[in-house]
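Below: the structure, in structure tokens.
The values are calculated or read from the model by the stated rules, or taken from the named source; none is laboratory data. Keep in mind the model is a prediction, meaning the values are calculated, not measured. Virtual Cβ from ideal backbone geometry, glycine too; neighbours counted across all protein chains shown.
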């Protein structure tokens, strides 16, 4: 085998390894429930962001909107910092913005389940479209 062919094979293997190293990801999924009634909440905005920002604006990793069963699922790049935050925002028909949060380990490629319960006196089952200011201005990664 020629030296050139060996060099090409080594370079190809290195590129393939680098691609898989950067392609690692983690799944975060769960449900959003009404804390009082236990019913799932549809239309809640779920954001996942890194929890380590040196006082800067948090880095947004992914976002989703809950379905009719209150379910959300996001795939995030595996960050170098071990902990992130899953935060939920819901604007009720009365105009009240509900927020809920949970911390989540982010380094493993395992599915991380995070169910979040939004506390409210009303039996909220559905969220309205968010308005400007409901959700903080995250920085996209």
Handout entry: residue 56, sole failed condition from (1) touching a strand residue (DSSP E or B) at 6+ places or on another chain (Cβ under 6 Å); (2) at pLDDT below 90
Key = (1)
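Could you please give the count of residues in segment 74-92 that are part of a loop (DSSP other than H, G, I, E, B) and at pLDDT below 85?
Number of matching residues: 5.
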Exercise for the section: Select from segment 103-141 the residues that are at pLDDT below 85 and not in a loop (DSSP other than H, G, I, E, B) and list them in ascending order. Expected result: 103, 104, 105, 112, 113, 139, 140
Practice task
Assess whether residue 43 counts as being at pLDDT 90 or above, touching a strand residue (DSSP E or B) at 6+ places or on another chain (Cβ under 9 Å), closer than 28 Å to residue 128 by Cβ and surrounded by fewer than 20 Cβ atoms within 10 Å (Cβ to Cβ).
Solution key: yes
